[in-house]
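Colleague: Let me begin by handing over the structure; questions about it come next.
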Amino acid sequence: MRPVPPPARSRLGPPVAPPATRADAVGLDASDHLSAFRNRLALPPAGTIYLAGNSLGCPPMAAVEQLTASVDLWAMAGVSAWHHWIDLSTDIGDRLAASVLGCGAGEVVLADSTSVNLYKLAGAALAARPDRPVIVTDRGNFPSDRFVLEGLAVQQRRHLRVLQADPTPSAVAAATADGDVALVCLSLVSYASAEVLDLRGVTDAAHRGGALMLWDLSHAAGVLPVELADASVDLAVGCTYKYLHGGPGAPAFLFVRQEHQDQLRQPIWGWFGQRDQFAMGRAYDPAPGIASFLVGTPPILSLVAAEAGIRLVAEAGVEALRAKSIALSDFAAAAHQALLPTEDVTIAGPTAATRRGSHIAFRHADAWRLTQALAAKDVVVDFRAPDLIRFGLAPLSTRFVDVWDAAEHLAAALAERTYEAFDANPARIT
Ligand SMILES: *Cc1c(COP(=O)(O)O)cnc(C)c1O
């Protein structure tokens, strides 16, 4: 790689992390206890630096095997294979509950997309609080989540109260103090800044206001210990194709706390939620427990792939994954300090890696063109409008040298202004 001119000194005070070198990265990789997991993943070709595991995790080798086996079963057994597949959504849900979500068997299922599950659970929460007209979220929440909540508010003649500030426990307490709030819905890790919210503090604040709490765990599941039972969380959703390595469009998960399952009724009544699914009865009679939150036929091929990813994460252990994620995030901040012009490229979100999820977002006015300049060098990161470049730090696949080399490519693109050759209009997928 070409040498990069030294960065301008920051005027913003002391460095956020000690300066780093590429040799440090090599040393950190050598002592990484999780490094062997890379051999269990199908990785992009050598020379590609893949830092987009926060958008789509790399495929587990076991997923490839499981998909082949499932297609064989489909061919050999045809429709009879459903005897084998019928409880897959709940079985995988139980595995995820125990290994990743800190909750019990019978509280989690895999089904549908995160957006659809959010609709189902938010709808169930509103139905349980008919006399409370308000839903609370924050303006930094993931767009699909805000749209789903806004749509529900319009359909049900409720009001969406959008917090403009950080959703701290005190902000949520203030927003729910009037007793009008049916539901508080937030993302535990910001898709933009990576900031981690206070799971227990915010949940407690929502409860003190008499509201139900629904968390979106998409950027947390598999990289952050999430203790849903301990924190008395009511409801949660999240996707499985990011840090859970479940595959493109893999079904999302949903969690409903045991004690709510018989009171809450979700709005999409389908035959997979029916008590006796094949009785073909006339009236909808919801199944007891978490099964009533299912709707239609599950995507089996996607489910078996998702199961392979969840098994891998369970085997590595969330505590170990979090430790590596923090180390990668710290190192990314150190590489930023060592290589990048810190006045032009800043770190969005919290300065402490312990308060970030598993990506780091760099802010630069030309973020989109820089993302393209990196892609031209086979460095896969992503852009989030209007000005963020996200480095996804997936602890099962990302090496410390990947972080260093990507930062060096970013520094080179800035120093040589190669990004100016790229189109300033964002593409369809960024
Ligand atoms: C990735 C992500 C989603 C994805 O939603 P889908 O409906 O599965 O496409 C939802 N919410 C958040 C916070 C996300 O990060």
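The values are calculated or read from the model by the stated rules, or taken from the named source; none is laboratory data. The structure presented is a predicted model; accordingly, all values stated were derived computationally and were not measured. Every residue, glycine as well, gets a Cβ built from its backbone with ideal geometry; the counts of neighbours run over all protein chains shown. To get the accessible areas, we keep the full protein, side chains included, count just its heavy atoms, and leave off ligands, DNA and RNA. Shrake-Rupley method; radii C 1.70, N 1.55, O 1.52, S 1.80 Å.
Colleague: Taking only protein heavy atoms and a 1.4 Å probe, what accessible area per residue, in Å², does the stretch 320-378 have with all protein chains in place?
Modeller: On the way: 1830 Å² over 59 residues.
I get 31 Å² per residue for the stretch 320-378.
Colleague: Let me ask something else. Report the percentage of all Cα-Cα pairs in the chain whose separation exceeds 38 Å, rounded to a whole percent.
Modeller: Counting every Cα pair in the chain, those more than 38 Å apart make up 25 percent.
Colleague: Please give every one of the lysines within straight-line cross-link reach of K324, meaning a C-alpha to C-alpha distance under 19 Å, and leave out same-chain neighbours fewer than 8 residues apart.
Modeller: K242
Colleague: Which net charge results when you count Lys and Arg as +1 and Asp and Glu as -1 among the other residues whose beta-carbon is under 12 Å from that of H159?
Modeller: Details: positive: R132, R157, R158, R161; negative: E150, D178, D180.
Result for the neighbourhood of H159: +1.
Colleague: Would you mind telling me the antiparallel percentage of the DSSP bridges in the chain, rounded to 5?
Modeller: Details: 21 of 39 bridges.
Here the share of antiparallel DSSP bridges comes out near 55 percent.
Colleague: Now for a different question. Take the Cα pairs of the stretch 110-152, get the Kirkwood Rh, then feed it into Stokes-Einstein at 10 °C and 1.306 mPa s and tell me D in µm²/s.
Modeller: Values: Rh = 11.0 Å.
Taking Rh from Cα pairs, D becomes 144 µm²/s.
Colleague: Can you pull the one-decimal nm distance between simple spin-label points at R265 and L73, each 7 Å off the Cα toward Cβ?
Modeller: About 3.5 nm separates the two model spin labels.
Colleague: Which of the listed residues, V79, A111, A125, is farthest toward the dipole's positive end in the stretch 46-150, when Lys, Arg count +1 and Asp, Glu count -1 at the beta-carbon?
Modeller: A125
Colleague: Taking amide hydrogens as modeled 1.01 Å from N in the peptide plane, which residues meet the under 5 Å criterion relative to V379, leaving out close sequence neighbours?
Modeller: Excluding prolines and chain starts, which carry no amide H, the hits are I49.
Colleague: Can you check what the Kirkwood hydrodynamic radius comes to for the stretch 30-143, Cα pairs only, in Å to one decimal?
Modeller: Working: mean 1/r = 0.0539 Å⁻¹.
Hydrodynamic radius (Kirkwood, Cα pairs) of the stretch 30-143 is 18.6 Å.
Colleague: With the crude spin-label approximation of a point 7 Å out along Cα→Cβ, what separation in nm comes out for A174 versus E420?
Modeller: Computed distance between label sites A174 and E420 equals 4.5 nm.
Colleague: Let me ask another. Return the single residue from A177, A365, A279 with maximal mean-square fluctuation; model: Gaussian network over the chain, springs between Cα atoms under 10 Å.
Modeller: A279
Colleague: Now, a different point. For all pairs of alpha-carbon atoms in the stretch 165-303, what percent lies in each bin of width 5 Å, listed from the first bin to the last filled one?
Modeller: Per 5 Å bin, starting at 0, the Cα pair percentages come out as 2, 9, 16, 18, 18, 15, 11, 7, 3, 1, 0.
Colleague: Subtracting the Cα-Cα distance from 0.36 nm times the residue separation, let me have the gained length for D230 to F278 in nm, one decimal. Spell out each step's value before the answer.
Modeller: Details: separation 48, 0.36 × 48 = 17.28 nm, distance 3.71 nm.
Residue separation times 0.36 nm, minus the Cα-Cα distance, leaves 13.6 nm.
Colleague: Tell me the angle of helix 300-316 to the major Cα principal axis of the chain, expressed in degrees between 0 and 90 and rounded to the nearest ten.
Modeller: 60
Colleague: Moving on to the next point. Based on the mean of other beta carbon atoms within 10 Å per residue, what is the order of 107-113, 206-212, most packed first? Intermediate values should be presented prior to the final figure.
Modeller: Values: 107-113: 24.9, 206-212: 20.9.
The most tightly packed comes first, giving 107-113, 206-212.
Colleague: So what is the diffusion coefficient of the stretch 359-430 in µm² per second by Stokes-Einstein at 20 °C and 1.002 mPa s, using a Kirkwood Rh over Cα pairs? Mind showing how you got there, number by number?
Modeller: Working: Rh = 12.3 Å.
Using the Kirkwood radius from Cα pairs, D works out to 175 µm²/s.
Colleague: Just how much of H336 is accessible, in Å², when a 1.4 Å probe is used and the result is rounded to the nearest 10?
Modeller: Accessible area, nearest 10 Å²: 10 Å².
Colleague: Charges only on Cβ, +1 for Lys and Arg, -1 for Asp and Glu: so what's the dipole of the chain about the Cα centre, in debye to the nearest 20?
Modeller: Values: 35 positive and 44 negative charges, 120 e Å.
So the magnitude is around 580 debye.
Colleague: Peptides 191-198, 296-303: what's the order by average Cβ count within 10 Å, highest mean first?
Modeller: On the way: 191-198: 21.2, 296-303: 17.8.
Ranking, from highest mean packing down: 191-198, 296-303.
Colleague: Looking only at P44, P341, P167, which one moves most when the chain is put into a Gaussian network model with springs between Cα atoms under 10 Å?
Modeller: Looking only at P44, P341, P167, the largest GNM fluctuation is found for P44.
Colleague: Okay, next question. Using a 1.4 angstrom probe on heavy atoms only, work out the carbon and sulfur share of the accessible area of the stretch 345-430 in %. Each step should come with its number before you reach the end.
Modeller: Details: 1630 of 3300 Å².
Carbon-and-sulfur percentage of accessible area, whole number: 49.
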